[in-house]
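Let me begin by presenting the structure, written as structure tokens, before commenting on it.
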Amino acid sequence: MNIDYTYLGKNPIDKLKFLMKELREKCPWDSVQTYESIAPYTIEEAYEVSEAINNKDMKALKEELGDLLFQVLFQSKIAEEDEFFNFDDVCNSLFNKMITRHPHVFDRNSDNSDLKLIERWEKIKETERDKKGYESILDDIPVALPELMRAIKLQKRAARVKFDWPNIDGVLDKIIEESKELANAINTKSCESMREEVGDLLFTLVNLSRKLNVDPELALRATNTKFIKRFSYIEKTIDISGADINNVAQSKLEELWLKSKTIGL
């Protein structure tokens, strides 16, 4: 495709704005999209950025960051059409917010000790929440976050006002308590009770990961990857033997699982 866009100049943002304008006016798909229809793609692109970082794939990261930026442009363009704000407003809002949140960078008279930085950051965030009319310190934690991420944010926010276990032992005791409550719920065969107790146990495990400075999302991702490798080994081994995995005894599957661990998978 030979199209000359040199007349747009060299500014990358100007070219992207032009692209977005053309797509909204002339593309049958892009022109009918809404805030709601685009939102799932925005979330998907954010995850793809995270995956590229996890894989240390810089080529993919450059591409995925571009895709994520496109989502910002897309949402901003729709808002501009509705006369709410435009992309420049988004940039200016971000600029002003980051200046306000980083007085230790932009205010030469600022006390930059670690303790003061944390105190000042929390105070700034509290002021922002007050301006937005939030009543609870938990109100601005997005409901749309993945639940593991949301749980740890809720816990960190509560811990700021000292609603927290003083040490790991308290969390470990709580895990034992929640495990017993789950066992009781299983005995009652109540789906509602089991769901509630599983949630309580998961929430407590997230608390433990927070205390250990372990990201539960990354920890689970690593375990999922490990499971895939070990289960794939089982599948390949059985396939090489000529057997059908659907007809292999559970004991044999367990034997192969243990072997996958011994070979370092």
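Name the residue from SER37, SER93, ILE78 whose Cα lies farthest towards the positive end of the charge dipole of segment 6-99, charges +1 on Cβ of Lys and Arg and -1 on Cβ of Asp and Glu.
Going by the Cα projections, it comes out as SER93.
List the lysines whose alpha-carbon lies under 28 Å from that of LYS21, not counting same-chain residues fewer than 8 positions away?
LYS10, LYS59, LYS62, LYS77, LYS97
In terms of the Cα gyration tensor, with a ≥ b ≥ c the square roots of its eigenvalues, is segment 124-163 rounded because a/c is under 1.5, prolate because a/b exceeds b/c, or oblate?
Oblate, since a/c reaches 1.5 and b/c is not below a/b.
Could you go through segment 90-101 in sequence order and give the Karplus-derived ³J(HN,Hα) for each residue, using 6.51 cos²θ - 1.76 cosθ + 1.60 with θ = phi - 60°, rounded to whole Hz, and x for Gly and Pro?
4, 5, 5, 4, 5, 4, 5, 5, 5, 4, 5, 7
Could you list SER136, SER193 so that the one with the fewest beta carbons within 10 Å of its beta carbon is first and the one with the most is last?
The fewest-first ordering by Cβ neighbours comes to SER136, SER193.
Which of the lysines could a cross-linker span from LYS153 if the Cα-Cα distance has to be under 18 Å and same-chain partners fewer than 8 positions apart are dropped?
Straight-distance partners of LYS153: LYS123, LYS125, LYS162, LYS211.
Enumerate by residue number the trypsin sites (Lys or Arg not before Pro) in segment 168-265 meeting two conditions: DSSP loop (anything except H, G, I, E, B), and at most 13 other Cβ atoms within 10 Å of the site's Cβ.
Passing both the DSSP loop test and the Cβ count: LYS189.
Using alpha-carbon positions, what is the distance between the centroids of segment 142-187 and segment 83-103, in Å?
About 35 Å separates the Cα centre of segment 142-187 from the one of segment 83-103.
For a test of the definition: using alpha carbon positions, the gyration tensor, and the 1.5 limit on a/c, classify segment 6-99 as rounded, prolate or oblate.
In terms of gyration-tensor shape, rounded.
Does a label point 7 Å from the Cα of VAL32, set along Cα-to-beta-carbon, have any residues of segment 41-78 with amide nitrogen under 18 Å, and which are they?
Counting only backbone N, you get 41, 78.
I'd like the projected area of the chain, averaged over all directions, using the convex hull of its alpha carbons. Report it in nm² with one decimal.
Over every viewing direction, the Cα hull of the chain projects on average to 24.4 nm².
For VAL49, VAL206, which order do you get if you count the other beta carbons within 10 Å of each Cβ and list the fewest first? Each step should come with its number before you reach the end.
Numbers: VAL49 18, VAL206 22.
Ordered by Cβ neighbours within 10 Å, fewest first: VAL49, VAL206.
Once label points are set 7 Å from the Cα along Cα→Cβ at both ASP173 and GLN250, what is their separation, rounded to one decimal in nm?
Calculated label separation equals 3.7 nm.
What list of ³J(HN,Hα) couplings, whole Hz, do you get for segment 214-221 from phi and the Karplus terms 6.51, -1.76, 1.60, once you set θ to phi - 60° and write x for glycine and proline?
Each residue of segment 214-221 in turn: 10, 6, x, 5, 5, 5, 5, 4 Hz.
Given the options GLU63, GLU181, GLU255, state which has the largest fluctuation in a GNM of the chain using a 10 Å cut-off (strictly under) for Cα springs.
GLU255
Scaled to the compact-protein estimate 2.2 N^0.38 Å, what is the alpha-carbon radius of gyration of segment 142-214, rounded to two decimal places?
1.18
Going by how many other beta carbons lie within 10 Å of each one, how would you line up MET149, MET20, fewest first?
By the 10 Å Cβ count, ascending, the order reads MET149, MET20.
Quick one: Karplus J couplings for segment 43-52, per residue in order, coefficients 6.51, -1.76, 1.60, θ = phi - 60°, nearest Hz, x for Gly and Pro?
Calculated HN-Hα couplings, in order: 5, 4, 5, 4, 5, 5, 4, 4, 5, 4 Hz.
Every number here is computed from the coordinates shown, using simple stated rules; none is lab data. Treat the numbers as computed from the prediction; the structure is a model and nothing was measured. For neighbour counting, all protein chains shown are included, and Cβ atoms are generated from backbone atoms with ideal geometry for every residue, glycine included.
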